[in-house]
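Trainee: One structure is given below, represented as structure tokens, and several questions about it will come after.
The values are calculated or read from the model by the stated rules, or taken from the named source; none is laboratory data. Keep in mind that what you see is a predicted model, and the values were worked out from it rather than measured. Backbone-built Cβ (ideal geometry, glycine too); neighbour counts: all protein chains shown.
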Number of protein chains: 2
Amino acid sequence: MNILWVFAHPDERSLNGSLRDSALASLAEAGHTVEQSDLYRMGWNPVVSAEDYGHDPAQRMQVATASSTALRNGTLASDITAEQAKLHRADAVVLQFPLWWYSMPAIMKGWVDRVFIEGFGYNIRRETGGTRRYGDGLMAGKRAMIVTSMGGSEHTVSPRGINGSLDELLFPIQHGFFWYTGMSVLPPVLIPSADRLTDEDFVLAEKQLNDRLKTLFTDDTIPFRHQHGGEYDEKFVLRPEHAAGESGVRVHTRFAPVRGK
Amino acid sequence: MNILWVFAHPDERSLNGSLRDSALASLAEAGHTVEQSDLYRMGWNPVVSAEDYGHDPAQRMQVATASSTALRNGTLASDITAEQAKLHRADAVVLQFPLWWYSMPAIMKGWVDRVFIEGFGYNIRRETGGTRRYGDGLMAGKRAMIVTSMGGSEHTVSPRGINGSLDELLFPIQHGFFWYTGMSVLPPVLIPSADRLTDEDFVLAEKQLNDRLKTLFTDDTIPFRHQHGGEYDEKFVLRPEHAAGESGVRVHTRFAPVRGK
């Protein structure tokens with residue numbers, strides 16, 4: 001299978017860099033083809049601007065309109081189209097990053113912002129109400145997974161940990177980005193206490209990651225609800241019979257996902 | 001009072017730009033002093049790198065260590081220290097941005113990543129276990145608020161809306177960044193359906209925003225729990241008697257916040 005590995009760390013010699021090297025080697029050994037977007041090494045520009053779209057700077061710019069127009073007209077910046085081509089080839093996408101402020105480093109957020117424009121990651125068709133998103137996005141059929149490290153201990157992102165439960169912290173990425181664009185989402189791989197791993201801890205973290213990669217195409221994915229599955233009403237609010245009496249981001253998952261195997 | 005307004009939109013002529021202009025005028029009229037960080041206009045660099053810290057590129061870099069060392073040694077990049085000086089002067093911080101992929105545009109994420117380093121926004125003191133964060137961070141005493149726009153309707157970020165409830169979508173920013181660094185957090189101002197506002201809708205949105213700014217220093221803030229308030233155990237997990245039987249990001253708020261006044 002084809003895997004796109006997107007990596008965001010300023011130092012190749014970091015824990016993340018070492019885990020990445022190991023992961024890419026084990027994927028190749030398993031017979032997969034891996035492409036990489038090493039965003040720091042590429043000098044990736046994370047800032048959305050009118051220049052990305054060949055947009056006339058004298059005209060007011062609505063980002064969604066300018067970007068989808070550029071996609072249709074073939075005037076998108078070449079660094080964006082190169083990433084889109086990698087995504088078209090990929091059966092699975094892995095985002096690896098240190099968790100900075102409970103989200104992606106800016107360089108990776110800007111990879112998402114610039115690459116996944118309307119018409120590529122999703123389609124808005126106001127005339128028909130048939131927006132393609134949430135399971136039905138244009139990336140449907142691909143799998144996606146987060147691999148992330150954090151300084152805090154695992155307890156701190158447990159269901160009642162002070163930093164917030166990991167699933168819900170990652171909801172904007174896992175549901176709002178992966179699932180929105182149609183990708184099926186695997187539970188994340190987390191390396192906690194990352195600034196104080198012993199050599200033995202590293203071996204365990206490496207094994208945990210490589211074990212998860214072995215089942216990248218067979219593990220159960222998080223059962224997020226489909227936009228057009230009948231569970232949401234015409235205003236895109238979950239109908240009362242589903243997750244009855246509950247609210248919050250959790251209601252968009254049909255049941256608790258299986259964590260790895 | 002002193003207000004730092006941080007703005008991230010690529011086009012000054014946008015809805016966000018118009019609302020920003022109106023907000024700054026009304027704050028000045030109310031007698032406040034406003035400083036602005038208009039990140040696009042400043043050409044803000046959002047990418048954390050070794051150059052920010054005067055770090056020897058031949059040495060492996062741990063970001064938290066390299067950045068806090070540079071802060072102590074006075075070798076931080078000058079664009080970072082300029083933002084830190086603005087923050088020191090501010091009584092309140094407003095982040096205004098279009099909601100892209102349920103989070104900040106990359107240029108603003110990189111403002112957070114680069115400016116709020118250890119020793120500035122928070123302190124880790126492993127020897128004493130006395131990390132200053134979550135209400136006790138180094139920004140304590142300041143207020144903070146998000147002003148954001150989205151293409152989707154308000155229903156879609158309601159408690160059971162398809163995009164996820166707004167409070168929980170913004171938890172990584174409001175709790176993981178604002179509250180972590182000690183800032184007291186005001187409920188956000190949301191402008192939904194932003195790509196199809198009528199002139200009348202704009203007037204309402206402008207009024208909603210300016211009304212909220214009038215009570216910026218008096219509105220109730222979100223009652224997030226303090227790290228050292230006794231509610232968390234020694235592993236920073238919420239003790240069972242608080243939000244008993246519940247889990248997820250919601251348990252870190254003591255009760256539902258009052259929405260504006």
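Trainee: In the range B:96-137, which residues are outside any loop (DSSP other than H, G, I, E, B) and more than 12 Å from chain A (Cβ to nearest Cβ)?
Mentor: Listed by number, the residues that qualify are B:Gln96, B:Asn123, B:Arg132.
Trainee: For a quick check of your reading of the model, give me the residue pairs whose first member lies in the range B:11-31 and is part of a helix (DSSP H, G or I) and modelled with pLDDT of 95 or more, whose second is crowded, with 17+ Cβ neighbours inside 10 Å and of a type in the set (Asp, Glu), with beta-carbon atoms closer than 7 Å and at least 6 apart or on different chains.
Mentor: Partner pairs satisfying both residue conditions: B:Gly17/B:Asp11; B:Leu19/B:Glu206; B:Ser22/B:Glu206.
Trainee: Also: Scanning the range A:51-60 for residues that are over 16 Å from B:Arg196 (Cβ atoms) and not in a helix (DSSP H, G or I), which turns out farthest from the other protein chains (Cβ to nearest Cβ)?
Mentor: Filtering first and then ranking leaves A:Gly54.
Trainee: Then there is this: For the range B:198-242, how many residues are of a type in the set (Phe, Trp, Tyr) and without any contact (Cβ under 8 Å) to a residue 60 or more places away in the chain? Even if it seems obvious, please write down each step before you answer.
Mentor: Taking the range B:198-242 first, the residues of a type in the set (Phe, Trp, Tyr) are B:202, B:217, B:224, B:232, B:236.
Those left that are additionally without any contact (Cβ under 8 Å) to a residue 60 or more places away in the chain: B:232, B:236.
Residues that pass the stated criteria total 2.
Trainee: Okay, moving on. Would you check if A:Val34 is assigned to a loop (DSSP other than H, G, I, E, B), over 28 Å from A:Ser165 (Cα atoms), modelled with pLDDT of 95 or more and in contact with a helix residue (DSSP H, G or I) (Cβ under 9 Å, 6 or more places away or on another chain)?
Mentor: no
Trainee: Restricting to the range B:138-164, give me the number of residues that are within 12 Å of chain A (Cβ to nearest Cβ) and either buried (at least 22 other Cβ atoms within 10 Å of the Cβ) or farther than 23 Å from B:Asp195 by Cβ (or both).
Mentor: Qualifying residue count for the region: 8.
Trainee: Could you grab me the full set of residues in the range B:184-240 that are over 24 Å from B:Phe97 (Cα atoms), basic (Lys, Arg) and within 23 Å of the chain's Cα centre (by Cα)?
Mentor: B:Arg225
Trainee: Give me the residue from the range A:73-95 that is among the hydrophobic types (A, V, I, L, M, F, W, C) and free of Cβ contacts under 8 Å to residues at least 24 places away in the same chain and, out of that set, farthest from the other protein chains (Cβ to nearest Cβ).
Mentor: Out of the qualifying residues, it is A:Ala85.
Trainee: Sticking with this one: Kindly establish whether B:Thr181 is more than 9 Å from chain A (Cβ to nearest Cβ) and of a type in the set (S, T, N, Q).
Mentor: yes
Trainee: Oh, and also: Report whether or not B:Asp195 is within 12 Å of chain A (Cβ to nearest Cβ), in contact (Cβ under 8 Å) with a residue 40 or more places away in the chain, at negative phi and of a type outside the set (Val, Ile, Thr).
Mentor: Judged against the criteria, B:Asp195 is a match.
Trainee: Right, something else. Looking at the range B:143-183 only, could you name the residues that are in a loop (DSSP other than H, G, I, E, B), within 21 Å of B:Ala8 (Cβ to Cβ) and either of a type in the set (Ser, Thr, Tyr) or out of contact with any His (no Cβ under 9 Å at 6 or more places or on another chain) (or both)? Reasoning before the result, please.
Mentor: Within the range B:143-183, the first condition is being in a loop (DSSP other than H, G, I, E, B), and the residues that meet it are B:150-153, B:158-160, B:162-165, B:170, B:180-183.
Within this subset, residues satisfying the condition of being within 21 Å of B:Ala8 (Cβ to Cβ) are B:150-152, B:163, B:170, B:180-181, B:183.
Result: B:Met150, B:Gly151, B:Gly152, B:Leu170, B:Tyr180, B:Thr181, B:Met183.
Trainee: Determine which single condition A:Thr65 fails, assuming it passes every other condition in (1) under 26 Å from A:Leu19 (Cβ atoms); (2) surrounded by fewer than 17 Cβ atoms within 10 Å (Cβ to Cβ); (3) at the interface with chain B (Cβ under 9 Å from one of its Cβ atoms).
Mentor: (1)
Trainee: Can I ask one more? Mind listing just one residue for me: the one in the range A:37-46 that is outside any helix (DSSP H, G or I) and not hydrophobic (A, V, I, L, M, F, W, C) and, of those, nearest to the chain's Cα centre (by Cα)?
Mentor: A:Ser37
Trainee: Just one of (1) assigned to a helix (DSSP H, G or I); (2) within 13 Å of chain B (Cβ to nearest Cβ); (3) modelled with pLDDT under 95 trips up A:Ala70, so point out which.
Mentor: Against the list (1) assigned to a helix (DSSP H, G or I); (2) within 13 Å of chain B (Cβ to nearest Cβ); (3) modelled with pLDDT under 95, A:Ala70 comes up short only on (2).
Trainee: While we're looking at this one, here's another question. What are the residues in the range A:205-254 that are more than 14 Å from chain B (Cβ to nearest Cβ), surrounded by 16 or more Cβ atoms within 10 Å (Cβ to Cβ) and assigned to a loop (DSSP other than H, G, I, E, B), if any?
Mentor: Answer for the range A:205-254, where residues must be more than 14 Å from chain B (Cβ to nearest Cβ), surrounded by 16 or more Cβ atoms within 10 Å (Cβ to Cβ) and assigned to a loop (DSSP other than H, G, I, E, B): A:Leu216, A:Asp219, A:Thr221.
Trainee: Another question, if that's okay. Specify the residue that is nearest to B:Pro105 (Cα to Cα); the eligible residues are those in the range A:13-50 that are surrounded by fewer than 13 Cβ atoms within 10 Å (Cβ to Cβ) and within 14 Å of chain B (Cβ to nearest Cβ).
Mentor: A:Gly43
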